[in-house]
Amino acid sequence: MLTKTPLLNETDISASTGGERMSRADKEFKIVVRNLSFYYGKIQALKDVSLDIQANKVTAIIGPSGCGKSTFIRILNRMNDIIPGVRVEGKVMIDSQNIYDGNVGAVEIRRRVGMVFQKSNPFPKSIFENVAYGLRISGLIKKSSDLGERVRRALVDAVLWDEVKDRLNASAFKLSGGQQQRLCIARALVIEPEVILFDEPCSALDPTSTAKVEELIQNLKDKYTIVIVTHNMQQAARVSDYTAFLMLGELIEFNKTNKMFTTPSEKVTEDYITGRFG
Amino acid sequence: MISAHINEKIAKLVLWISSLTILAILLAIIGFVVMRSIGIINLEFIFSMPRAGGREGGILSMIIGTLCLIAISTTVASPIGIGGGIYLTEYAGEHPLSKIITFGAEWLAGVPSIIFGLFGFAFFVVFLGWGFSILSGGMVLACMILNETIRTTQESIKAVPASYREASYALGATKWQTVSRVVLKSAAPGILTGIILGIGRAAGETAAIMLTVGSFMALPTSLFSSVRPMSLHLYLLAIAEVHPGAIARAFGTATLLVLMVLIVNLSVHTIMRRYTRALR
Amino acid sequence: MLKEWIIEKSLIVAAMVSFVIIAFIIMIVFRAGVPLIAEVGVGNFLFGMDWRPEREIFGIFPMIIGTLLVALFSMLISVPLGILTAIFLAEVAPEIMRNILRPAIELLAGIPSVVYGFVGLMVLVPFIRTHLGPPGFSILAGSIVLAIMALPTIITISEDAIKAVPKSYKEASFAVGATHWQTIKNIILPAARSGILAGVVLGSGRAIGETMAAIMVLGNLPVIPTSVLGPIRTLTANVAMEMAYAPHGPHRQALFATGVVLFIVVSILVVISNRLRRGQ
Amino acid sequence: MKKGMWIPIGIVVLVAIGIGVIIRAVAPQVPPPPLPAVTPQVPLPPLPAGRIVVGGSSSVYVVAVHLAERFMDKHPGVVVETHSVGSTAGIVGAREGTFHIGMASRWLRRDEPGWGLREFVICHDAIAPIVHPNNPVRGLTMKQLKKIFTGEITNWNKVGGENLPITVIIREAGSGTRDAFEEIVHEGIDPVPTLILVGTGGVRAGVAGDPSSISYVASPAVDPTVRALEIDGVKPDAAAVVAGDWAIARPFLFLTMGELSPLEQGFIDFVLGSEGQQMVADEGLVRVD
């Protein structure tokens, strides 16, 4: 494992090592990001970020506000495509496929890379329909009994089933904030993605609900590769295996979480983690 | 998957087609009217008085009639509408009164123009005894465009940031000083566009005035003169006049009406563009 | 402080004006019309099949049906077209199309109704007469003209409603792999439903209240039609075409009574759309 | 509703009425408005120097506009306002004082003769039944004409034309042309129209566009876009009216109430004088002098 040293310690990996090294990396990493730059019109939000994300691990992205961490995570499922006037440079490989290749559809990528948002955002539909939505639009499920079963499993996985099984037809807005967020997780799980992105999933939740969601994230990594953006360093320390520290659009440091929080290699990282700024 | 992609393509195609249809309709209407008016519209048509019962000469008195109606209706409706808008946004707050008044304005907006015509005929023409006159017609139009002025005033005042007001109060200004010197100043362009839109509506309205202004072709000599505004002139040319040039003249009048609307819209856009640029 | 007090009170007065106008309209139009309804009998007036003012027989049932039919058919045309265009504008259109379409729709909204009626009379009526059969003056012609006139209302209000749908819904739908169209169809449109409905209701209000275009292309025959190619008379046309001749006695009262019915119908629509918009 | 809101409402209402009354008081003496017919006769107000208001029948209006224009040319400072509002409104307006001179294109009927109006016949006019120029039917009998307009004959092949359903176009209620036509042709039977169009121009355009249609207009309005029908072998023109051969003729009336002001008298004298009558004849109408 330690052979997968953080990329930042290596010099210009794509230029110096070429395709052979890349293909080796592709097999071992779920997501490989190379020289990623991102622009909102003329403003550059990410500068030449390269980063490898392991399968079945939780990778946390931390950094002060405006550092580009949300931008980064939304690049991984091409969510930024919706915003007009943006531009992506560099490569984002998921299972050795560049998701920004011309022949790759954003819709297909989003099916493989699920996402949970900062503020819980259930649809104005029933609890059941919220979860079933992804299946219905995919057109894969034909029989309604299958649909029910898949929805149930997703709700069980999201540790919500026991709380809602008697009122699946109630409006999703009747749920508490924490329940809504877990419903959104169930909605992401039901289409069985490979990667799940969490964009500050607990920032609007109380401590109890936060704990539940964090526990859930821990359980999910058996099946999924997880990337979580958080401004809460304690949370990153609690849930993640790897942590990336972004500042002003640049990747400052990327390392195993316990190493990052104990012996960061950069001065800036240490200053941020110890709360000298941020 | 594939069907979803094809659906997406079809749906977007349909969306494009429907929007292009609307553009085509607009171009067809304007194009048709303008093409048919070539040959009739010239400086003489615009700047000379009708002669021989409208068979010869231009439509100057109709244009002036329209302008008179606009002047009266705007003069009456603007202060009332702006005042009402200010009250609703700055003074009324969550007062139940404001809901009632807002609903009243909305209701007024929904009343068909012919009802305004009936009302104007019964009230201004008959009850107050103003007869078929620009005053009667102008007042009816004022009632009609009032709602527009209130609504745009409300919207533009709401767009003024609360911080402006707080800054003014913090300097010890009274409510009215704040409203008149800070809020209204920032909201002025928006309010102005509302007034201009009202002008556009007043210029084109026919049903409401056909029962109140009469149809006399000469220049007005007083508030109590009857006039024949362009919109009514167009209607009468299309259905009542029997002289050979009537239809050509109707197209000419229609083109001028459309031109008027175009000018109104353009000025609104210009004002709004300057306004948003100034805010930036 | 007295100055502030005076200003506030006068602003209240300004705000009350629109409500007072409504009150005046009700008072005056109802006072002139209701006695005749009472005399003829509500049932006879509303459900009477014959309108023969010269014999003092006043039944407006065919016109009520006519008004509703024309509104219905015009909505059949303008609702799909309008909603699709609203979706296009809010979701799909590239910047350049938006910059073309928005002013186009404003222009469409600004063109006076008499111009629409005139174009309908010169183009649509002859077209229908030659290609679909006489008389040309027909529900079809009227529906098309009124549909075009109602389009801007429907588009603008629907677009606002669609834009008011929280962005987070859209993101959530995209995040589970929905295509843009799936997101629009399954998430955005249902969430914007009540706002869009309000637009449709207001649009049909406009179609019901339209006068000039109705007179010019509908053929004005007060009978219940048997085909969309047949003529019809709306309530507004009834008032305008006969009131323009300002007759006397019961006939005039009957026209005011028609106005009363029209006013009530439109007021109901205003209340419904108000509820719908508040519901969103 | 809050108690206090009635005060502002009250103020607005009072101010509105107050302004109205003040304006009414200071207003130049416009003629009083048309009041409901039940009100007793309103005496004409004293004439303002130099202005008379003439209104009524749209058929008379067409010629009255010219007459008024010429009269104003001759008398600078005089304004003769002309309004096209229909015969019935013209008659009522003259009675109620809305118009100094009412115009009608039919004889007074029912209770109207009892109102004390003074009639001036300024000319006579033939109402011409019109059809599309391509219609092979050149003439009808009076009976056939009646049957077409009352719904007994509904196809042109019954009167020697093609196998085409007849589009019967009539004018709106209140039109003097319609009243006169129905009085003479219908013999008390209600019309069974296919379309009701507004205005002389409206029905003429309607007929011009529809090969199966029939309607009627004042004879001066017949132009090449339509063709006038012969009735019982007589062409509708001024000569036939003078000779008494054309049955569907009606007078153009000026109506006044009470004493004539010098201005009204002057205008009527002008219209009935040789110059006015010549203008009338130029319009295709039948002069009365």
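Report, by chain and number, residues whose modeled amide H sits under 5 Å from the one on residue D:141, excluding near sequence neighbours (fewer than 5 apart, same chain).
The answer is D:232.
Which value in nm describes the separation of the simple spin-label points at residue C:267 and residue B:13, placed 7 Å from the Cα toward the beta carbon?
Rounded to a tenth, the inter-label distance reads 5.0 nm.
Which of C:106, B:56 has the fewest other C-beta atoms within 10 Å, and how do the rest follow up to the most?
B:56, C:106
For every other residue with a beta carbon closer than 13 angstrom to the beta carbon of residue B:261, add +1 if it is Lys or Arg and -1 if Asp or Glu, then tell me the sum.
Net charge around residue B:261: -1.
For region C:1-158, what does the alpha-carbon gyration tensor say about shape, rounded, prolate or oblate, given a ≥ b ≥ c as the root eigenvalues, a/c under 1.5 as rounded, and a/b over b/c as prolate?
Oblate shape, in that a/c is at least 1.5 and b/c is the bigger or equal ratio.
Hey, what did region A:10-273 get for relative contact order, percent, Cα under 8 Å, at least 6 apart?
26
What ³J(HN,Hα) values, in whole Hz, does the Karplus curve 6.51 cos²θ - 1.76 cosθ + 1.60 give for region B:34-46 when θ = phi - 60°, with x put for Gly and Pro?
Working through the residues one at a time gives 5, 4, 6, 9, 4, x, 9, 7, 7, 4, 5, 4, 7 Hz.
What residues qualify as long-range amide H neighbours of residue B:48, i.e. H under 5 Å apart, gap of 5 or more or another chain, H built at 1.01 Å from N?
So residue B:48 has HN proximity to B:58, B:59, B:60.
Mean shadow of the protein assembly as shown, computed from the convex hull of its alpha carbons, in nm²?
It is 53.2 nm².
Once label points are set 7 Å from the Cα along Cα→Cβ at both residue B:44 and residue C:163, what is their separation, rounded to one decimal in nm?
Reported label-point gap for residue B:44 and residue C:163 is 4.8 nm.
So if R0 is 35 Å, what FRET efficiency would residue D:192 and residue D:242 give, r being the distance between their Cβ atoms, rounded to the nearest 0.05?
0.60
Once amide H atoms are built 1.01 Å from N in the peptide plane, which residues 5 or more positions from residue D:153, or in another chain, come under 5 Å H to H?
Placed amide hydrogens put D:148 under 5 Å from residue D:153.
Hey, if you drop one equal point scatterer on each alpha-carbon of chain B and run the Debye formula without solvent, what base-10 log of I(q)/I(0) do you get at q = 0.08, 0.10, 0.13, 0.16 Å⁻¹?
Relative scattering, expressed as log10 I(q)/I(0), comes to -0.46, -0.67, -0.97, -1.20.
With +1 assigned to the C-beta of every Lys and Arg and -1 to the C-beta of every Asp and Glu, and no other charges, what is the dipole magnitude of region D:126-248 about the Cα centre in debye, to the nearest 20?
Using Cβ point charges on Lys, Arg, Asp and Glu, region D:126-248 gives about 240 debye.
Two decimals, Cα atoms only, Kirkwood Rh: what is Rg/Rh over region D:126-248?
Across region D:126-248, the Cα-based Rg/Rh ratio is 0.92.
In percent, how large is the relative contact order of region D:171-289, given Cα pairs closer than 8 Å and 6 or more residues apart?
Contact order relative to length: 20 percent.
What is the dipole size for region B:37-279, taken about its Cα centre, with +1 at each Lys and Arg Cβ and -1 at each Asp and Glu Cβ, in debye to the nearest 20?
460
What's the FRET efficiency of residue B:162 with residue A:136 using the Cβ-Cβ distance as r and R₀ = 51 Å, to the nearest 0.05?
So the FRET efficiency works out to roughly 0.70.
Can you compute 3J(HN,Hα) from phi for each residue in region B:212-219, using the Karplus curve 6.51 cos²θ - 1.76 cosθ + 1.60 with θ = phi - 60°, rounded to whole Hz and x for Gly and Pro?
10, 9, x, 7, 6, 7, 7, 5
Given charges of +1 on the Cβ of Lys and Arg and -1 on the Cβ of Asp and Glu, with all other atoms neutral, how large is the dipole of region A:10-273 about its Cα centre, in debye to the nearest 20?
Computed about the Cα centre, the dipole is about 840 debye.
Fewest Cβ neighbours within 10 Å first, please rank C:3, C:163 accordingly.
C:3, C:163
With the convex hull built on the Cα atoms of chain C, state its orientation-averaged projected area in nm².
Seen from a random direction, the Cα hull of chain C projects 20.7 nm² on average.
Towards the positive end of the charge dipole of region A:10-273, with charges on Cβ (+1 Lys, Arg; -1 Asp, Glu), say which of A:79, A:175, A:44 has the farthest Cα.
The residue sitting farthest along the positive end of the dipole is A:175.
Quantify how much of the Cα-Cα distance distribution of chain D extends past 36 Å, in percent.
The proportion of pairs with Cα distances above 36 Å equals 28 percent.
Taking R0 as 22 Å, what's the FRET efficiency between residue D:164 and residue C:46 from their Cβ-Cβ distance, rounded to 0.05?
That pair, residue D:164 with residue C:46, gives E of 0.05.
Where Lys and Arg each count +1 and Asp and Glu each count -1, what net charge lies around residue A:37 among other residues with Cβ under 13 Å from its Cβ?
+2
Under 19 Å from a point placed 7 Å out from the Cα of residue A:104 along the Cα-to-Cβ direction: which residues of region C:150-181 have their backbone N that close?
Counting backbone N atoms under 19 Å from the label point, the list is C:174-180.
With 10 angstrom as the radius, rank B:45, B:103, B:119 by how many other C-beta atoms surround their C-beta, starting from the fewest.
Lowest to highest Cβ neighbour count: B:103, B:45, B:119.
Report, ordered by chain and residue number, the lysines lying within cross-link reach of residue D:158, taken as a straight Cα distance under 22 Å and ignoring same-chain residues fewer than 8 apart.
Within the straight-line limit of under 22 Å, residue D:158 reaches these lysines: D:143, D:146, D:147, D:235.
Using the Karplus curve 6.51 cos²θ - 1.76 cosθ + 1.60 with θ = phi - 60°, work out ³J(HN,Hα) for each residue of region A:238-252 in order, rounded to whole Hz, and write x for Gly and Pro.
These are the phi-based 3J(HN,Hα) values: 6, 9, 9, 9, 10, 9, 10, 10, 10, 8, 6, x, 10, 7, 7 Hz.
In a shell of Cβ-Cβ distance under 12 Å around residue D:69, excluding residue D:69 itself, what net charge do Lys and Arg (+1) and Asp and Glu (-1) give?
+1
Tell me, what is the percent relative contact order of region C:63-277, built from C-alpha pairs under 8 Å that lie six or more residues apart?
29
Against the empirical 2.2 N^0.38 Å scaling, what ratio does the C-alpha Rg of chain A come to?
Against the empirical 2.2 N^0.38 Å value, I get 1.01 for chain A.
Coordinate-derived values only; no laboratory data. This structure is a prediction, so every number in the text was calculated from the model and none was measured. Here the Cβ is made from the backbone with ideal geometry for all residues, glycine too, and neighbour counts use every protein chain on show.
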